[in-house]
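The values are calculated or read from the model by the stated rules, or taken from the named source; none is laboratory data. As the structure is a prediction and not an experimental result, all values here were calculated from the model. Heads up, the Cβs are rebuilt from the backbone with ideal geometry, glycines too, and the neighbour counts pull from every protein chain shown. SASA here: full protein model, heavy atoms, side chains in, ligands and nucleic acids out. Shrake-Rupley method; radii C 1.70, N 1.55, O 1.52, S 1.80 Å.
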Amino acid sequence: GTALRMVALKSTLPAIFVVGSVVGLFLSSEHIIRKENSFIRRFLPHPLSDEKTLDLGFDSYYFAGIAGNNIYLGNVTTPLVLTCIDTSLSSKTAFKVHPDNTDHPFRNIQIIVQSPYYYVFDGNVPVIYRGEIGDSTAYTISLDDCYFTQLQVIDSVSFAFRAQSSLTGSQALGILRLNSGPRVSLNHELLEKQVDGMFDTDGQLLRDDASGELIYIYAYRNEILVIDRDLNLLRRLHTIDTTSRAKVTVRSLSDESHVLAAPPLQVNKTSYVHDGILFNESALMGKYELREMWKQAAVVDLYRTDKQEYPGSFYVYRRGKDKMSRMLVTDTHLYVLRGTEIVRYRFAQPVADCFKTGDAENLHQSRHN
């Protein structure tokens, strides 16, 4: 039973830590020179307005989720504190989460908020807690089911996750269902190995809060997978750059593990999906773009997830040395974490139009008719 259900290897953390630290060193330095690529971006006219900021005091926050008129933030340095900020950025409260059992060797606790619950987990430990928003006690709902490196909440008893498969040694996507058997199922086909199956398949697992669809966007290649809640591949889409194969070089160690032998070429950075539109911070400069702009701003590309279509791009500017680290998107606003601040922008018409069912193509045609 339990032993068989632990389908993912326990030893993922050291490898992931090495990945993170090595890649972080490479990416934080300016040693990777962005060369001009052959693809051409279409920048949306005046896409953002009404910048409003709130200083959080620390730069260690991440977006845990949004519920009603409140945005929830987790913090990597105080992992059991959940901070609540109203969407107008005018009030801030925080409360400490109390898991019903903390007798686990936690290394990387994270929180996801999906109304009416919040979920506390650490994939290095096979446990997931669930608490009601407003109640500080989180109860164990999954124990010894699986280890994982990323998690998304499908519903209150179902989760999508990414893990290292004990069968293949490569990364795979899986589903954990608490109220049906088998509780854990892995799909070994979705994430395609090009080099080593671990580094080359790295990326971000996302969930569209409107449609419930899952998105996996690779970090080192131009591919986006749109997946249903049963892990069936719905669509394979592409970002506008031309990097179809991950430029990842690895070397083997004596214990048969792998490490990066050179800095990989990053294609996609942080992403967020909302109502059929994927917002993706790109790491690659397009043709005719100014290097100076790349030093001043992050470039966010928009993609539809129901079909292959790129509505356009926009800049999110730095403040001094502080650049955007995370995004959260609603129908009307973009929220960004930048240094110690949370920043809110209102979407102007060119971006807001992307969410409407009268889609970008029809819009484009109607403007020219």
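Residue selection: R236 fails the criterion of being among the basic types (K, R) and either closer than 19 Å to R41 by Cβ or in contact (Cβ under 8 Å) with a residue 40 or more places away in the chain (or both).
The strands (runs of 3 or more DSSP E) found entirely in the stretch 54-134 that carry 3 or more residues being touching a Cys at 6+ places or on another chain (Cβ under 8 Å) are 70-75, 92-96.
Within the option set A138, A210, A163, being hydrophobic (A, V, I, L, M, F, W, C), under 22 Å from L234 (Cα atoms) and out of contact with any helix residue (DSSP H, G or I) (no Cβ under 8 Å at 6 or more places or on another chain) holds for one residue only, A210. Candidates are the residues of the stretch 135-158 that are assigned to a strand (DSSP E or B) and farther than 25 Å from S211 by Cβ; the one that is most open to solvent (accessible area, probe 1.4 Å) is Y139. Quick one: in the stretch 234-279, of everything that is small (G, A, S) and under 23 Å from the mean Cα position of the chain (by Cα), which residue is surrounded by the most Cβ atoms within 10 Å (Cβ to Cβ)? Here the residue is A246. Restricting attention to the stretch 186-231, the residues that are farther than 14 Å from I154 by Cα, open to solvent by 20 Å² or more (accessible area, probe 1.4 Å) and in a loop (DSSP other than H, G, I, E, B) add up to 8. With respect to (1) open to solvent by less than 40 Å² (accessible area, probe 1.4 Å); (2) in contact with a strand residue (DSSP E or B) (Cβ under 9 Å, 6 or more places away or on another chain); (3) over 25 Å from G57 (Cβ atoms), the lone exception for N124 is condition (2).
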